[in-house]
C-alpha cells in the first residue's frame with residue numbers, strides 16, 4: 001500500500017504590500033506542489049523576536 005501526501009505551499013505576505021504576481025507560472029515548474037495559498041499577515045508577524053517571546057506574542061492570536 002503506497003502512502004501519498006498532499007504538499008501545499010503557503011506564501012505569507014505583508015498586508016500592505018503589493019499583490020503577488022507570477023505565482024502560477026512559478027508553480028507550473030514545480031510538480032511537487034498540488035496547491036498554494038496566499039495569506040496576508042499583519043506587519044507584526046514579520047518582526048524578528050527571540051524564540052521565548054514568539055510564544056508569548058502569538059498566544060493572543
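Any read-out appearing in this document is the output of simple, stated calculations on the displayed coordinates, not a laboratory observation. This one's a predicted model, so the numbers in the text were calculated from it and none came from an experiment. Backbone-built Cβ (ideal geometry, glycine too); neighbour counts: all protein chains shown.
Laid out as a table, the results:
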item	result
Efficiency of FRET from Cβ geometry, residue 46 and residue 24, R₀ 30 Å, rounded to 0.05	0.75
Label assignment, mean projected area of the Cα convex hull in nm² derived from the structure, set (i) 4.5; (ii) 6.8; (iii) 5.1	(ii)
Theoretical ellipticity at 222 nm over the chain - DSSP helices of four or more residues, -39500 (n - 2.57) apiece, nearest 500	-6500 deg cm²/dmol
